[in-house]
Amino acid sequence: MVKNRQMNLPGIANELYYAHFLCIGHHFLSDDEEIFRKSLFRFERLEEWLVSRPFDQSWDFDSLKLNIEVDKGPVKEMTSFPAYKIGKSANMNTKSSSTNYTIDVMSFLFCESDQPRSMSWHFVAATRMQELASLCTGHYLPLTHLKLIVSQTQDDNKNRPVEIEIFAQMQHPQSGSRPKHEIPLFALSELLRADDRAVENWFDQYNILSPAINLFFAITGERMMFVNVRFLLAIQAIEVFHRRTANGSLMEKAEYKNLRKQLVAAIPADLPKDITEKLTGLYAFANEQSLMQRLTSIISEVNIDFEEEVKGFSAPYARSVVDTRNYNTHFTASLEPKALDGAGMHWATRRMILLLTYLFLKKIGVPAGSFREALERHREFRSLICEC
């Protein structure tokens, strides 16, 4: 994609291109070519999520020496489920000159399949792990590297490379510079201890949760966003999550279908066409819960899970969220005194982000007790859930 084009004197053209990903090692006619059995990938703050600490240093004060031991660790499988084997590995590179000696250790996650897969398949696997790590970390972690390993057989084309590297910039490029003072809620090993099928559940339920997941990362990954827009998107994410994971009908669908027919039939025939169409449209969704009903249901469920009334998600909080949403979407004058100001919307949004984080993790098997323990080391989330 051309990002900038200009003509400089004396007639020299300059163009700046912005690419989503760069492929080195193979010319693709289609990204559906199934030749890759394994991929390695990394994203921002991967070492923190893997709790990778390859360097151990000590001082020898008598000889005035600094001793550094480096252990990149073994290749280790973390979890496996049908068609997927997920694990971790690391590369170590050294570089020296007359004045310095550098050791770089880069951690990777790998995904190994039971059969050769396409680039698209591995790309999806990498991004799903990246988004799971982002959820566990508390903010969006951009995918930075993907290496594809080609399956080799006796009949393979000799000109085909063994490895292909993909350098990708997915979205939210600004998120990599976000503050890093908070450690992850769950490291990968901790997530698997909470539920050994957590990663498998994430992959299995991703398609159901994806509309809410996309909204979640839109509000957590983009820093340059007006506070009211972030607030409204957070509410929408909660509504989408609840609608796709819970039975939000107010009465049995078959019963309401009959009731709807009666309601539509009762519309006076002499009403203007526009009002008739509006009423018909309203009746189509009248069996859906309102935002307040959805929030009340979610908060009640959280209170049951935590075996106490969670102060940060009280009934007044839910009421203020609904009133602020209604004021900002409909601009009802009577709601203006009840609507949250900018700071209020900011902290209400942060609570919704915390709530969504819990709901997603609960959906993939993380129990409330494990989540509550994880909150103890997260300064902001701990304060949001404990304070009104």
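The values are calculated or read from the model by the stated rules, or taken from the named source; none is laboratory data. Just so we're clear, the structure is a prediction, and the values are computed from it rather than from any experiment. When we count neighbours, we look across all protein chains shown, and the Cβ atoms used for this are built from the backbone with ideal geometry, even at glycine. The area values use the complete protein model at the heavy-atom level, side chains included, leaving out ligands, DNA and RNA. Shrake-Rupley method; radii C 1.70, N 1.55, O 1.52, S 1.80 Å.
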- State all residues of the range 230-280 that are touching a strand residue (DSSP E or B) at 6+ places or on another chain (Cβ under 9 Å), assigned to a loop (DSSP other than H, G, I, E, B) and open to solvent by 40 Å² or more (accessible area, probe 1.4 Å); if no residue qualifies, say none. L250
- Look at T324 and say whether it is surrounded by 20 or more Cβ atoms within 10 Å (Cβ to Cβ) and out of contact with any Ser or Thr (no Cβ under 9 Å at 6 or more places or on another chain). yes
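Are there any helices (runs of 4 or more DSSP H) wholly within the range 281-388 with 3 or more residues that are at pLDDT 90 or above and of a type in the set (D, E, K, R), and if so which?
Once the helices (runs of 4 or more DSSP H) in the range 281-388 are filtered for at least 3 residues that are at pLDDT 90 or above and of a type in the set (D, E, K, R), what remains is 291-306, 315-330, 342-363.
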- Query: What number of residues within the range 327-346 satisfy the criterion of being surrounded by 19 or more Cβ atoms within 10 Å (Cβ to Cβ) and closer than 19 Å to S383 by Cα?
  - Reply: 1
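When the range 369-388 is examined, which residues are found to be small (G, A, S) and surrounded by fewer than 16 Cβ atoms within 10 Å (Cβ to Cβ)?
Within the range 369-388, G369, S383 meet the criteria.
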- Message: What's the total number of residues in the range 93-144 that are charged (D, E, K, R), over 16 Å from L40 (Cβ atoms) and touching a residue at least 40 places away in the same chain (Cβ under 8 Å)?
- Response: 1
- Message: Give all pairs with beta carbons closer than 6 Å in which a residue from the range 323-340 that is within 11 Å of F231 (Cα to Cα) meets a residue that is among the polar types (S, T, N, Q) and part of a helix (DSSP H, G or I); count only pairs at least 6 apart in sequence or on separate chains.
- Response: N328/N228; L340/S320; L340/T324
- Message: Can you pull out every residue in the range 39-54 that is part of a loop (DSSP other than H, G, I, E, B) and over 17 Å from the mean Cα position of the chain (by Cα)?
- Response: V51, S52, R53, P54
- Item | Breaking point among (1) touching a Pro at 6+ places or on another chain (Cβ under 8 Å); (2) at pLDDT 85 or above, for M106 | (1)
- Task: Mind listing whichever residues of the range 121-147 are hydrophobic (A, V, I, L, M, F, W, C), open to solvent by less than 10 Å² (accessible area, probe 1.4 Å) and part of a helix (DSSP H, G or I)?
- Result: A125, A126, M129, L132, A133, L135, C136
- From the set of residues in the range 261-290 that are touching a residue at least 24 places away in the same chain (Cβ under 8 Å) and among the hydrophobic types (A, V, I, L, M, F, W, C), which is farthest from N247 (Cα to Cα)? A284
- Query: Of all residues in the range 295-351, which are of a type in the set (F, W, Y) and out of contact with any helix residue (DSSP H, G or I) (no Cβ under 6 Å at 6 or more places or on another chain)?
  - Reply: Y317, F331, W347
- Return the residue satisfying two criteria in turn: it lies in the range 55-87 and is of a type in the set (F, W, Y) and either open to solvent by less than 90 Å² (accessible area, probe 1.4 Å) or part of a loop (DSSP other than H, G, I, E, B) (or both), and of such residues it is nearest to D196 (Cα to Cα). F81
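Checking the conditions here, which among A218, A246, A237 is within 38 Å of the chain's Cα centre (by Cα), under 16 Å from N287 (Cα atoms) and touching a residue at least 12 places away in the same chain (Cβ under 8 Å)?
Of the residues listed, the single one that is within 38 Å of the chain's Cα centre (by Cα), under 16 Å from N287 (Cα atoms) and touching a residue at least 12 places away in the same chain (Cβ under 8 Å) is A246.
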- Those residues of the range 341-388 which are without any contact (Cβ under 8 Å) to a residue 40 or more places away in the chain and among the aliphatic types (A, V, I, L, M), in sequence order: A343
- Task: Output the residue which, of all residues in the range 195-227 that are outside any helix (DSSP H, G or I) and closer than 18 Å to Y84 by Cβ, is least open to solvent (accessible area, probe 1.4 Å).
- Result: D195
